[in-house]
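Below is one structure, written out as structure tokens; comments come after it.
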Amino acid sequence: MNVDSDSDISISDYEETEAGLSRSKAKGKGKATEKRKKDKAKRKPKDVQAYTWEANFTRSWETVQEDEGGSLQGAVNDWVARGRRKRLLEPQNAIRRTIIRHAVLLIDLSSSMMDRDMRPTRFAVTLQYAREFVLEWFDQNPLGQMAVVGMRAGVGERVCDMSGNPQDVLKSISDRHRLEPTGDPSLQNSIEMARNSMNHLPTHSSREILIIFGSLTTCDPGNIHDTLDECVKNRIRISIVALAAEMKICRDLCDKTGGQFGVAMNEGHFKDLLFELVPPPAQRAMPRTSAGAGGASTNLASDLMMMGFPMRLPDTSPPSLCVCHSELRSKGFLCPRCLAKICDVPTDCDICGLMIVSSPHLARSYHHLFPVKPYAAVSSFDDVADPSSSPSCHACSRLFPKTVSQNIADGMSAIGRYRCPDCNTDFCSDCDVFVHDVIHCCPGCGK
């Protein structure tokens with residue numbers, strides 16, 4: 001009995017000991033789990049908002065404010081007002097601009113473009129904005145031509161040759177794997193490649209180099225200031241949009257050649273800086289030397305230039321070889337001087353060198369030379385002679401409001417009327433934007 005009782009007591013004590021150990025292990029495991037959860041909860045806000053640009057990106061909708069009635073019309077009016085104020089700051093007089101533009105787009109393809117200070121990366125944002133920029137550039141400059149050069153591994157790589165067809169340029173920058181960033185950029189090698197490709201261009205066209213630069217270093221084989229002097233000599237305008245901090249050499253390249261320079265603070269500012277390069281620049285004064293006692297007459301400024309308007313071939317015409325691609329095609333254009341077949345216009349004939357354009361492209365380029373005057377915002381009904389005679393917009397026939405709006409932004413009309421200074425015709429805010437941004441012609445006076 002004693003043996004049995006001793007054995008029973010020992011077994012029970014062993015079971016209690018095991019149970020106590022298991023409970024202590026479970027309790028310790030629970031404490032460790034709770035501690036990890038607390039640490040994770042503490043780290044979560046830091047991980048979610050580790051950078052300020054992440055917080056701005058995740059809460060971008062907070063920039064749009066609703067009014068008391070829950071409408072977004074106030075935010076739209078602010079956007080229109082900013083556009084009107086920007087238009088009023090532009091020069092009102094006609095400026096001599098170069099409507100025939102030849103531009104080389106230099107894109108930084110170095111390893112620094114993989115930084116994530118712009119979502120998702122600098123490289124992805126640059127390609128997206130570059131595609132939008134190319135479309136807008138060719139829409140506003142139908143007589144222009146563009147080439148694309150990449151900067152990576154210390155050399156300049158030709159991505160697309162000079163072309164007047166936007167689809168060719170878009171196709172060249174659509175392949176991300178072909179443009180994968182690597183190495184360091186070289187400003188000198190890339191600018192030299194762009195400069196050599198524009199040496200044969202005539203003096204009446206503008207020669208521009210547009211650079212998207214995201215690095216803080218440049219790997220150059222020689223003195224880049226010699227390249228800068230050659231660009232100034234050849235009248236090549238260099239404009240740079242920097243995605244990193246400002247570099248003195250970048251500032252010197254833009255200042256000495258008459259270009260624009262800007263540092264992007266975020267994605268929206270990057271797009272604004274890039275699209276400021278879309279309008280054609282003002283033409284710089286060119287020297288004129290008349291015939292003197294001991295010198296010949298030289299006139300570097302071109303008052304007139306020779307153009308050709310081609311004849312378009314129908315799609316049912318027999319296939320023939322084009323001079324630009326050496327391929328059999330049915331549709332195309334015939335050069336009016338040598339009757340060579342080309343695929344797209346505007347371009348220069350590869351046989352006789354004549355610049356070939358179409359009349360619609362030439363007409364669309366005139367709005368830069370003769371812009372529509374900004375419409376004046378009518379502040380009150382006292383400035384309207386007879387509201388019953390013009391109750392609606394002259395363009396879209398939408399009725400004007402009969403009450404004065406409150407809390408109007410600067411540059412906006414309280415009664416929704418915007419008047420042409422030439423024909424004194426009233427338009428609504430939507431037609432005001434459409435006239436100045438799309439058709440570039442006043443429906444009232446035709447100017």
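The values are calculated or read from the model by the stated rules, or taken from the named source; none is laboratory data. A quick note: this is a predicted structure, and the numbers were derived from the prediction, not measured. Positions of Cβ are generated from backbone atoms using ideal geometry, with glycine treated the same way; all protein chains shown enter the neighbour counts. Just so you know, the surface numbers come from the protein's heavy atoms only, side chains and all, with ligands and any DNA or RNA stripped out. Shrake-Rupley method; radii C 1.70, N 1.55, O 1.52, S 1.80 Å.
A few comments on the model shown:
- Within segment 111-130, residues that are open to solvent by 20 Å² or more (accessible area, probe 1.4 Å) reach partners that are β-branched (Val, Ile, Thr) and at pLDDT 90 or above with beta carbons closer than 7 Å, at six or more positions or on different chains, in the pairs SER111/THR182; MET114/THR121; ASP115/THR121.
- Out of GLY262, GLY258, sole residue that is of a type outside the set (A, V, I, L, M, F, W, C) and either in contact (Cβ under 8 Å) with a residue 60 or more places away in the chain or open to solvent by 30 Å² or more (accessible area, probe 1.4 Å) (or both): GLY258
- Residues of segment 395-423 that are loosely packed, with under 12 Cβ neighbours inside 10 Å and of a type outside the set (S, T, N, Q): LEU399, LYS402, ASP410.
- Condition met for SER365 (of a type outside the set (D, E, K, R) and either open to solvent by 30 Å² or more (accessible area, probe 1.4 Å) or more than 30 Å from THR98 (Cα to Cα) (or both)): no
- Restricting segment 92-103 to residues that are open to solvent by less than 20 Å² (accessible area, probe 1.4 Å) and of a type in the set (A, V, I, L, M, F, W, C), the residue that is modelled with the lowest pLDDT: ILE100
- Residue among SER172, SER239, SER190, SER215 that is hydroxyl-bearing (Ser, Thr, Tyr), more than 27 Å from HIS368 (Cα to Cα) and free of Cβ contacts under 8 Å to residues at least 60 places away in the same chain: SER172
- For segment 92-146, a residue qualifies if it is part of a strand (DSSP E or B) and either touching a helix residue (DSSP H, G or I) at 6+ places or on another chain (Cβ under 7 Å) or not acidic (Asp, Glu) (or both), and the qualifying residues are ARG97, ARG101, HIS102, ALA103, VAL104, LEU105, LEU106, ILE107, GLN145, MET146.
- Residue check for PHE434: open to solvent by 60 Å² or more (accessible area, probe 1.4 Å), within 30 Å of ARG97 (Cβ to Cβ), out of contact with any Asp or Glu (no Cβ under 8 Å at 6 or more places or on another chain) and touching a residue at least 60 places away in the same chain (Cβ under 8 Å): no
- Residue that is surrounded by the most Cβ atoms within 10 Å (Cβ to Cβ), among those in segment 305-328 that are modelled with pLDDT of 90 or more and in contact with a Cys (Cβ under 7 Å, 6 or more places away or on another chain): PRO310
- If you filter segment 267-300 down to residues that are surrounded by 13 or more Cβ atoms within 10 Å (Cβ to Cβ) and assigned to a loop (DSSP other than H, G, I, E, B), you find that the one that is modelled with the lowest pLDDT is GLN283.
- Candidates LEU72, LEU135, LEU88, LEU106, filtered to the one that is at pLDDT 90 or above, open to solvent by 80 Å² or more (accessible area, probe 1.4 Å) and among the hydrophobic types (A, V, I, L, M, F, W, C): LEU135
- Selection of segment 413-441 for residues being under 27 Å from the mean Cα position of the chain (by Cα) and not acidic (Asp, Glu) yields SER429, CYS431, VAL433, PHE434, VAL435, HIS436, VAL438, ILE439, HIS440, CYS441.
- Picking from residues in segment 330-344 that are open to solvent by 30 Å² or more (accessible area, probe 1.4 Å) and within 16 Å of GLY164 (Cα to Cα), the one that is modelled with the lowest pLDDT is ASP344.
- Criterion (crowded, with 18+ Cβ neighbours inside 10 Å and not aliphatic (A, V, I, L, M)) met by exactly one of PHE370, PHE427: PHE427
- The set of residues from segment 378-394 being over 16 Å from THR425 (Cβ atoms) and open to solvent by 100 Å² or more (accessible area, probe 1.4 Å) comprises just one member, ASP382.
- Being of a type in the set (D, E, K, R) and over 15 Å from ILE209 (Cα atoms) is a description that does not apply to ARG158.
- In segment 204-245, the residue that is farthest from ASP108 (Cα to Cα) out of those that are in contact with a Pro (Cβ under 7 Å, 6 or more places away or on another chain) and either polar (S, T, N, Q) or surrounded by fewer than 16 Cβ atoms within 10 Å (Cβ to Cβ) (or both) is SER206.
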